[in-house]
Amino acid sequence: MKITRIETFTVSGGWKNFLFVHVHTDTGLVGLGEGTLNGFIKTTEAAVRELEHLMIGQDPRNVAALAKRLLDSVSLDGGHIHRTAIATIEVACWDILGQHLGVPIWQLLGGKVRETILAYANGWYRTERTPAHFTAAADKVVARGFHALKVDPFGTAQGFINDDALQLAYDILASIRAKYPKLHILIDVHGRFTEADALRAAEKLAPIGIYWWEEPTTREREAPVNAVAHRCPIRVATGEMYDTVGQFYTLAEGGGVNIWQPEPMSLGGIMPTLAVAHLAEAHGSWIAPHQSGGPVATAVCLQLAACVPNFLIQENFDMFNDAWTHDLVTWAPTLNPANGHFSLPSTPGLGLKLNLDVARAHPYDPKAYLNVFAEGWEKRLGTTPAAKKSRRKK
């Protein structure tokens, strides 16, 4: 079996763009991958094209060899974008291999250790930043069957947060907690704060009952998050921005962080994420993969959830994106309202196909990206007049 051509699809999801990739073979099998990286969709697409000559004629079933070829053949490491481009191909090759053998990807990785996985909602709070509005939005999350949700209540704070903004964040979270005493509330700090204010804010919010404190400080180095974790009254989670397995090794050396958030697209795909999972297991830690891309990336994470023993919980934006995005693919997990768990893929390969008509009907939008330091970012309106008008109608 040989790879014959690569096909890319850039799709606007309203508030951000997605990149999907088809890897075609001479047998007719087609593998599906995703390389969504906020603000760098066209750049990542170009990276895929620049690596294309290294793929044509190769056997996609030799996933490890091909991924190594794509990484090593470029002598100067292309970093985050390079690995995201590799991930799109690596995942598509796993999809081809699973289809070829007639089994899901998780079967190729050792088989299932669970039947379902706890999920948490993100991207649900597209409203005014007040306690009443956020609590009303949380009502819809709980009504859908989620038992956990993630929120960044800090507006545009950066470095330090003033007393009034911190009190507003407290009031928003306290309002949600008062209505839902058993709901898991996860906080995404988006790398906003200095060590001092990351701890100051955590100490203020901890009495509310927070499940985790994500990316509390700078993304430049691993050391500051370890420093915060050793003193933080809330368990700390981090790792979504790491693009090498070695960064997780450094994180492990620092201690204090027991929830690791590898992003399969950023790391180069499924195999590097498994390496992180094994490292976490040896460290006595758990993984909770970051996933703010599209539905194909969700399926990748759920394949891992099926076979990784120390897999904690899975992030999901898909259910809160524009309604038409639910038709982008042929499969999505179902949510069990009794326990807030997602179902796992069960058909060969990745377990889903891309609906090309839907993808082509929503072309790339150069203004669709997220900036968490822009006023009103929480609403995720998109930046074009059409996107804003569509959102307001909801």
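The values are calculated or read from the model by the stated rules, or taken from the named source; none is laboratory data. Since we're looking at a predicted model, the values are computed, not measured. Heads up, the Cβs are rebuilt from the backbone with ideal geometry, glycines too, and the neighbour counts pull from every protein chain shown.
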* Hey, does segment 154-171 have a residue that's β-branched (V, I, T), crowded, with 19+ Cβ neighbours inside 10 Å, modelled with pLDDT of 95 or more and part of a loop (DSSP other than H, G, I, E, B)? -> yes
* Asked: Going through segment 208-254 one residue at a time, which ones are at pLDDT 95 or above, in a loop (DSSP other than H, G, I, E, B) and more than 28 Å from A299 (Cα to Cα)?
  -> G209, C232, P233, I234
* Could you check, for segment 7-14, whether at least one of its residues is within 15 Å of G269 (Cα to Cα) and hydroxyl-bearing (S, T, Y)? => no
* Asked: Limited to segment 189-207, what total is found for residues that are touching a residue at least 40 places away in the same chain (Cβ under 8 Å) and either in a helix (DSSP H, G or I) or surrounded by fewer than 16 Cβ atoms within 10 Å (Cβ to Cβ) (or both)?
  -> 1
* Qualifying positions in segment 171-200 - under 17 Å from E378 (Cβ atoms) and out of contact with any helix residue (DSSP H, G or I) (no Cβ under 6 Å at 6 or more places or on another chain) -> I185, L186, I187, D188, V189, H190, G191, R192
* Residue check: is L168 closer than 13 Å to V151 by Cβ, free of Cβ contacts under 8 Å to residues at least 40 places away in the same chain and more than 26 Å from the chain's Cα centre (by Cα)? -> yes
* Asked: Is it fair to say G31 is of a type in the set (G, A, S), farther than 20 Å from Y369 by Cα and in a strand (DSSP E or B)?
  -> yes
* Structure fact -> Of the residues in segment 233-271, those that are free of Cβ contacts under 8 Å to residues at least 40 places away in the same chain and among the aliphatic types (A, V, I, L, M) number 5
* Asked: If Q107 satisfies every condition in (1) polar (S, T, N, Q); (2) part of a helix (DSSP H, G or I); (3) in contact with a Phe, Trp or Tyr (Cβ under 9 Å, 6 or more places away or on another chain) but one, which is the exception?
  -> (3)
* Structure fact -> Taking segment 130-147 and keeping residues touching a residue at least 60 places away in the same chain (Cβ under 8 Å) and either surrounded by fewer than 20 Cβ atoms within 10 Å (Cβ to Cβ) or within 30 Å of N62 (Cβ to Cβ) (or both) leaves R144, G145
* Going by the structure shown, is P348 over 20 Å from the mean Cα position of the chain (by Cα) and either more than 16 Å from A121 (Cβ to Cβ) or free of Cβ contacts under 8 Å to residues at least 40 places away in the same chain (or both)? -> yes
* To do: Count, please, the residues in segment 347-367 that happen to be touching a strand residue (DSSP E or B) at 6+ places or on another chain (Cβ under 7 Å), hydrophobic (A, V, I, L, M, F, W, C) and within 15 Å of T325 (Cα to Cα).
  => 3
* Go through segment 233-277 and give me each residue that's more than 26 Å from P295 (Cα to Cα) and surrounded by fewer than 22 Cβ atoms within 10 Å (Cβ to Cβ). => P233, R235, G246, Q247, Y249, T250, A252, E253, G254, G255, G256, N258
* **Leading residue by the ranking (farthest from the chain's Cα centre (by Cα)) among those in segment 280-305 that are surrounded by fewer than 24 Cβ atoms within 10 Å (Cβ to Cβ) and part of a loop (DSSP other than H, G, I, E, B)** => G284
* Output for segment 55-80, where each listed residue is outside any loop (DSSP other than H, G, I, E, B) and either touching a His at 6+ places or on another chain (Cβ under 8 Å) or surrounded by fewer than 18 Cβ atoms within 10 Å (Cβ to Cβ) (or both) -> A64, A65, K68, R69, L71, D72, G79
* Structure fact -> Taking first residues from segment 175-187 that are more than 20 Å from H341 (Cβ to Cβ) and second residues anywhere that are basic (K, R), the pairs with Cβ under 9 Å that are 6 or more apart or on different chains are I187/K150
